[in-house]
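Below: the structure, in structure tokens.
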Amino acid sequence: MVRERILLTGGAGFIGSNIAEKLLDHPHVDKVVVLDNLSTGFEINIAQLLKNPKFSLYKGDIRDFSACLEASKGISVICHQAALGSVPRSILDPLTTHEVNSTGTLNIFNAAKQNSVKKVVFASSSSVYGDNPALPKVEENIGRPLSPYAVTKQTNELYAQALSKVYDFHYIGLRYFNVFGPNQSPDGPYAAVIPLFIMNAIIDKPSVINGEGHQSRDFTYVTNVVDANISSIFSDQKQAWNNIYNIAYGGRSTIMDLYKKILHVSGKSINPIIGPVRAGDIPHSFADISKAKKNIDFNPAISMDEGLRLTFEWFKSKVNKVDV
């Protein structure tokens, strides 16, 4: 197998840093270049990786086409994870969300074309299913997006599909379903629910559950998502290319059930605070992952319950180090 030179955008972020670590251990990787502006990613996530001679950090913004062009020189595959997440943030500031997620992704696709990069693997989102109530979610049946964030992710998929037809361009798009795990930040107004719930449990603080917790999600441990990216990057099966895939565990849990599971892992008993339903939220999410299993050999190994245990242990170890 050819040794790949890989550009990883957003590689200092939650998912990106986990992918970077796995790539550096891969025997068929020659170089990993991370492009990150460190706005939602953190250098501490990749501090240990900076010592690896196969790793380099290019500090730049995907909204800057010249940075994308420069970072992708000599690259064989781009793994595009950089994005501005959060449905509420996109509602508050749709312009910045569009600039980062859609314009930034178009910059990456265009840089790939100009530098003859053979393949782009990029992160999409289950938010593209929008108002389609059907469960489980099947790739070909999306709905109307319910937030600016969802619009940007659907836009990226459309750009990938169009560019693959008009240029010599190949892609694999991965629709993530509620990813959680180590390196995910619990801080700030747009923190994801699992790290927030876990940190609150550790410090004996009640968490806010929006809409009484009846919404359901397909919570997916980050290692499963990393494995999907690795499989996609190294896939030489052409029938797998130029497709979009659901990446999830293929299970379903309500937010209230999630809260109870985290309390069980923590050994705590803390009543939640019930808040209003959040605008732009999809009521229910549950993935059909059969297409990814067939085409990119995706086999999620870590269940939600095991992932919660591993994630809780990781966060607790970080808190203990701070206490010491």
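Read-outs: derived from the displayed coordinates by stated rules, not from any lab. Note that the structure is a prediction, hence the values are computed from the model and not measured. Reconstructed Cβ throughout: ideal geometry from the backbone, glycine too, with neighbour counts over all protein chains shown.
In this calculation the C-beta distance from VAL166 to LYS73 is compared with R0 = 22 Å, giving a FRET efficiency of 0.45.
Rounded, prolate or oblate: which fits region 194-311 when a ≥ b ≥ c are the square roots of the eigenvalues of the alpha-carbon gyration tensor, with rounded for a/c under 1.5 and prolate only if a/b beats b/c? Note, shape of region 194-311 comes out prolate. What the phi angles of region 61-72 give under the Karplus curve with 6.51, -1.76 and 1.60, with θ = phi - 60°, is a coupling list of 10, 5, 6, 9, 4, 5, 5, 4, 5, 5, 5, 9 Hz, glycine and proline written as x. When the chain is described by a simple charge dipole with +1 on each Lys and Arg Cβ and -1 on each Asp and Glu Cβ, the residue from ASN52, ILE203, GLY307 located farthest towards its positive end is ASN52. Counting only DSSP beta bridges whose two residues both lie in the chain, roughly 5 percent are antiparallel.
Pick out, in residue order, every one of the trypsin sites (Lys or Arg not before Pro) in region 205-298 that is DSSP loop and has at most 16 other C-beta atoms within 10 Å; say none if there are none.
Answer by residue number: LYS268, ARG278.
Compute the normalised compactness of the chain: alpha-carbon radius of gyration over 2.2 N^0.38 Å, N being the residue count. Present the calculation step by step, with values, prior to reporting the outcome.
Details: Rg = 18.9 Å, N = 324, 2.2 N^0.38 = 19.8 Å.
Ratio of Rg to 2.2 N^0.38 Å for the chain: 0.95.
Evaluated over region 139-275, the count of Lys pairs having alpha-carbon atoms less than 23 Å apart is 6 (only pairs 8 or more residues apart or interchain).
Each of GLN184, ALA160, ASN132 was placed along the dipole of region 92-195 (beta-carbon charges, centred on the mean Cα), and the one lying farthest toward the positive end is ALA160.
Here region 284-315 is scanned for amide nitrogen atoms under 19 Å from the site 7 Å beyond the Cα of ASP204 along Cα-to-Cβ, giving none. Each of GLN114 and GLU306 was given a label point 7 Å from its Cα along the Cα-to-Cβ line. The distance between the two points is 4.5 nm.
Judged by the ratio a/c of the largest to the smallest principal axis of the C-alpha gyration tensor, region 245-324 counts as oblate, that ratio being 1.5 or greater while a/b is no larger than b/c.
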